[in-house]
Amino acid sequence: MQVRSGGGFRAILYSLKKGREAGGYWKFFKAMRSRNTCKTCALGMGGQKGGMVNEKGAFPEVCKKSMQAMVSDMQPGISPTFWQKNSVEDLQKLSPRELEYLGRLLHPVRYRAGGTHFEKITWEEAFNSIAGKLMSLSPDETFWYFSGRSSNEAGFLLQLLARVYGTNNVNNCSYYCHQASGVGLQTSIGSGTATINLDDLEKSDLVFLIGGNPASNHPRLMSSLLHVRRHGGKVVVINPVRETGLVDFRIPSDPISLIKGSKIASHYTMPHIGGDLALLWGIAKSLREHDQIKLDFLQQHCRGDEDFLARVDELSWQEIEEKSGVERDEIETLAKLYAASERTVFAWTMGITHHAHGVDNVQAIANLAMCRGMVGRPGAGLMPIRGHSNVQGIGSVGVTPKLKQQIFDSLQSKFNVQLPTSPGLDTLACMEAAAVGTIKAAFCLGGNLFGSNPDANFADRALSNLELNVMMSTTLNTGHVHGLAAETIILPVLARDEEPEPTTQESMFNFVRLSDGGPRRLPGPRSEVEVISTLGKRLLEDAQGIDWDQMKHTETIRQWIGGVVPGYEKIQSIGTTKEEFHIGGRIYHEPTFGTDDGRAVMHAHPLPALKGTGDGELRLMTVRSEGQFNTVVYEEEDLYRNQERRDIILMHPDDLTRLGLTHDQRVRVENETGHMDSILARGYDDIRPGNALMYYPECNVLVSRYADPQSRTPAFKGVVANVKSMPNT
């Protein structure tokens, strides 16, 4: 039966299914209610208010993503004999979902080039091998990669180890997702994060939701959007795809919504993929032509306003319509809605950042907020919807190639450590250096670096060229079995709610939570902080200013973080007071911003040509399914798009006809980066003609390595592809 709304009774039945998989409903409920931060998205849940509670204290706040992650961590362990019975070739045939559900990693394992299997090794062997290789290399022959699912403490400690070792090749997964948000916001308002808190969102009377599908990827956001609608507000969705859950959603914790359903989008606009920038400038042009830009706000609180207004004036409606794919009348309707609003929030996800002009997109959103003074006031502002539960915190505590000057200076003056000053490489640059052999070793704190990279064939070659690749993980993923280095070591670590000491995480609303940790579920895995501090002692026992034995304690690390990271001072006492906090200086309820002079900065942009207009071409974007989180696939089906498999390309039926194809015909999808064979071409009414969807990370073979020059974020949603019939089909 076709799914016509998100959430609902299916979500309730799914939670019962997950409870059974976890070993019982009560066991599962206790795990979900523990005082630990949710393991999936950065919207925020848990901490000292208890699991299934949001930052405002609302209960129950829970979604399928958090359940999926918890059940994965509650799996039995992988048997030691597994590695003898299953060759690397066998493992490489498994799908992302099959690898995830093999069980928890219990023992360090190693693969050596020329071998056919991973072998189980001791922790002592693992540390000796890692430290020995790192000692043999110069520091800048290594890079250090961080997932957003780790804690602030583990992230801070590992970046400190890397820098004291001597390299600034320190980067995190945001370079492949929201780095364009950080750069775009930093250059606009002097801060790279959301300007609002959760309460501001729910007090707004208009939300622009641009380039995202939170019904699938951040489901708990739907209750906030319903709150906006119920008090008379409006939600404008801008997305080339009509997503079921953004039209109608049934929130399981709300009886009225569950039974009757809730309309989420009051207005749904569908530009072409890559047409958002032109659309945003079109809204600004309509405001300008109707004298609805607050010029006094721009003059008092902004720089660059004259250039911005001149650019608005010179743009033609013909160019805006052609490059956005949206007619002037529709754009003017959106502008009227905005002009009538008193409190507007602009929210976006990777449909905005995953373009070669991703930073321009974010700056254009900030421009639009400034046009009507909708940043720097309660109930209004800018809200990047971030993915990983602690990706923002990882960046805050110093996981970037270049440390903020205040952190750099404080580390040296307060803790007497010596830090390198060489320029560090971003994630894509590290991969390119690995491909040519100038980087020889990688150390990964969680994540799936192979699976998250553009140009999957290149990623395989680059990682295979390493002499050593070390990955700290809880379960297996494609990055463990593809792109194997001369020596590949996987270290099993504890999940967040198994840590022996409390850790902290930061939500996308700049709120720092304290996770209690808890009892280990299985013997074998070790704490992330313990692993890092042990390696630090082996590699840099005499490092100036650092006692590695004390660094095994998260309380010690929090004293360092609070002493050097601006706004994080309260973290030093959080272990005893249990008082969670908003980071100072980031939430703007007054129009004084984080720039040198306190004024926001407006930007003018050329509008890029619309891609994929040639004969036989489609504009293609990579997407996640409702049954996955980032690279982790929990279910093969995509429930809300009514798809039961992932080896498909979804396009409008008109495009099937244009390309001479039939529904469910096997095709080759190709471009200059790569190709995929035997893909099912499917007609899908809920997408703009000329555009198409394929599932990430499988279709990364089609994504080029060309990146936004300002943020170095690849254009995962700016792909142009050709679709051709397979021979004999």
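The values are calculated or read from the model by the stated rules, or taken from the named source; none is laboratory data. Bear in mind the structure is a predicted one, so any value in this text is a computation, not a measurement. Backbone-built Cβ (ideal geometry, glycine too); neighbour counts: all protein chains shown. Surface areas here come from the heavy atoms of the whole protein model, side chains and all, with no ligands, DNA or RNA. Shrake-Rupley method; radii C 1.70, N 1.55, O 1.52, S 1.80 Å.
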- Item | Selected residue [of a type outside the set (Val, Ile, Thr), open to solvent by 70 Å² or more (accessible area, probe 1.4 Å) and touching a residue at least 60 places away in the same chain (Cβ under 8 Å)] from Lys56, Lys30 | Lys56
- Quick one: would you say Gln2 is in a helix (DSSP H, G or I), of a type in the set (S, T, N, Q) and farther than 22 Å from Ser224 by Cβ? no
- Message: Filter region 227-246 down to the residues that are surrounded by fewer than 19 Cβ atoms within 10 Å (Cβ to Cβ) and touching a residue at least 40 places away in the same chain (Cβ under 8 Å) and list them by number.
- Response: Arg242
- Message: Can you say whether Lys402 is under 25 Å from Pro714 (Cβ atoms), among the basic types (Lys, Arg), open to solvent by 20 Å² or more (accessible area, probe 1.4 Å) and touching a Leu at 6+ places or on another chain (Cβ under 8 Å), as far as the supplied structure shows?
- Response: no
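Looking at this structure, is Leu659 out of contact with any strand residue (DSSP E or B) (no Cβ under 6 Å at 6 or more places or on another chain), touching a residue at least 24 places away in the same chain (Cβ under 8 Å) and open to solvent by 30 Å² or more (accessible area, probe 1.4 Å)?
Values: out of contact with any strand residue (DSSP E or B) (no Cβ under 6 Å at 6 or more places or on another chain): no; touching a residue at least 24 places away in the same chain (Cβ under 8 Å): yes; open to solvent by 30 Å² or more (accessible area, probe 1.4 Å): yes.
When the stated conditions are applied, Leu659 does not pass them.
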- Message: Is it the case, given these coordinates, that Arg705 is surrounded by fewer than 24 Cβ atoms within 10 Å (Cβ to Cβ), at positive phi and not in a helix (DSSP H, G or I)?
- Response: no
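Tally time: how many residues in region 57-85 are assigned to a loop (DSSP other than H, G, I, E, B) and under 23 Å from the mean Cα position of the chain (by Cα)? I'd like the intermediate steps shown before the answer.
Step one: of region 57-85, the residues assigned to a loop (DSSP other than H, G, I, E, B) are 57-63, 74-76, 78-81.
Applying the additional criterion that residues be under 23 Å from the mean Cα position of the chain (by Cα) yields 61-63.
Counting residues in region 57-85 that are assigned to a loop (DSSP other than H, G, I, E, B) and under 23 Å from the mean Cα position of the chain (by Cα) gives 3.
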- Please work out which residue is most open to solvent (accessible area, probe 1.4 Å), limiting yourself to region 174-196 and to residues that are assigned to a helix (DSSP H, G or I) and hydrophobic (A, V, I, L, M, F, W, C). Val183
- What pairs come up if the first residue lies in region 69-90 and is of a type in the set (Gly, Ala, Ser), the second is in a loop (DSSP other than H, G, I, E, B), and their beta carbons are under 6 Å apart, counting only those six or more places apart or on different chains? Ala69/Lys39; Ala69/Thr40; Gly77/Gly103; Gly77/Leu106; Gly77/Leu522; Ser87/Thr116; Ser87/His117
- Flagged in region 98-128 as closer than 23 Å to Arg521 by Cα and either modelled with pLDDT under 95 or assigned to a loop (DSSP other than H, G, I, E, B) (or both), in numbering order, are Tyr101, Leu102, Gly103, Leu105, Leu106, His107, Pro108, Ile121, Thr122
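Mind listing whichever residues of region 628-642 are farther than 15 Å from Leu99 by Cβ and either in contact with a helix residue (DSSP H, G or I) (Cβ under 9 Å, 6 or more places away or on another chain) or open to solvent by less than 20 Å² (accessible area, probe 1.4 Å) (or both)?
Quick first cut of region 628-642, residues farther than 15 Å from Leu99 by Cβ only: 637-642.
Answer for region 628-642, where residues must be farther than 15 Å from Leu99 by Cβ and either in contact with a helix residue (DSSP H, G or I) (Cβ under 9 Å, 6 or more places away or on another chain) or open to solvent by less than 20 Å² (accessible area, probe 1.4 Å) (or both): Asp638, Leu639, Tyr640, Arg641, Asn642.
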- Query: If only one of Lys578, Lys570 is over 17 Å from Ala131 (Cα atoms), in contact (Cβ under 8 Å) with a residue 24 or more places away in the chain, loosely packed, with under 14 Cβ neighbours inside 10 Å and charged (D, E, K, R), which one is it?
  - Reply: Lys578
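Each row is one residue, and each column tells you yes or no for (1) surrounded by fewer than 20 Cβ atoms within 10 Å (Cβ to Cβ); (2) modelled with pLDDT under 95; (3) under 13 Å from Phe208 (Cα atoms).
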residue: Gln292; (1), (2), (3): yes, no, no
residue: Leu309; (1), (2), (3): yes, no, no
residue: Glu321; (1), (2), (3): yes, no, no
residue: Leu334; (1), (2), (3): no, no, yes
residue: His355; (1), (2), (3): no, no, no
- Message: Which residue is farthest from Thr713 (Cα to Cα), if the candidates are limited to region 140-173 and must be assigned to a helix (DSSP H, G or I), touching a strand residue (DSSP E or B) at 6+ places or on another chain (Cβ under 9 Å) and open to solvent by 10 Å² or more (accessible area, probe 1.4 Å)?
- Response: Tyr165
- Say whether the condition of being modelled with pLDDT under 95 and in contact with a Gly (Cβ under 9 Å, 6 or more places away or on another chain) is met by at least one residue in region 138-147. yes
- Criterion: open to solvent by 30 Å² or more (accessible area, probe 1.4 Å) and either part of a strand (DSSP E or B) or out of contact with any Phe, Trp or Tyr (no Cβ under 8 Å at 6 or more places or on another chain) (or both) - qualifying residue of Lys39, Lys17: Lys17
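Conditions (1) in contact with a strand residue (DSSP E or B) (Cβ under 9 Å, 6 or more places away or on another chain); (2) part of a loop (DSSP other than H, G, I, E, B); (3) under 17 Å from Tyr165 (Cβ atoms), marked per residue:
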site: Gln392; (1), (2), (3): yes, no, no
site: Leu411; (1), (2), (3): no, no, yes
site: Lys414; (1), (2), (3): no, no, no
site: Val417; (1), (2), (3): no, yes, yes
site: Thr421; (1), (2), (3): no, yes, yes
site: Leu425; (1), (2), (3): yes, yes, yes
site: Glu432; (1), (2), (3): no, no, no
- Message: Based on this model, can you work out whether His357 counts as within 16 Å of the chain's Cα centre (by Cα) and closer than 30 Å to Phe629 by Cβ?
- Response: no
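Residue check: is Asp254 open to solvent by 10 Å² or more (accessible area, probe 1.4 Å) and either more than 23 Å from Ala335 (Cα to Cα) or modelled with pLDDT under 95 (or both)?
yes
If you take the residues in region 291-334 that are among the β-branched types (Val, Ile, Thr) and either in contact with a Ser or Thr (Cβ under 8 Å, 6 or more places away or on another chain) or in a helix (DSSP H, G or I) (or both), which one is farthest from Lys611 (Cα to Cα)?
Here is the first cut: in region 291-334, the ones among the β-branched types (Val, Ile, Thr) are 293, 312, 320, 326, 331, 333.
Still in the list and also either in contact with a Ser or Thr (Cβ under 8 Å, 6 or more places away or on another chain) or in a helix (DSSP H, G or I) (or both): 312, 320, 326, 331, 333.
Values: Val312: 23, Ile320: 14, Val326: 15, Ile331: 21, Thr333: 26 Å.
So, considering only residues that are among the β-branched types (Val, Ile, Thr) and either in contact with a Ser or Thr (Cβ under 8 Å, 6 or more places away or on another chain) or in a helix (DSSP H, G or I) (or both), the one farthest from Lys611 (Cα to Cα) is Thr333.
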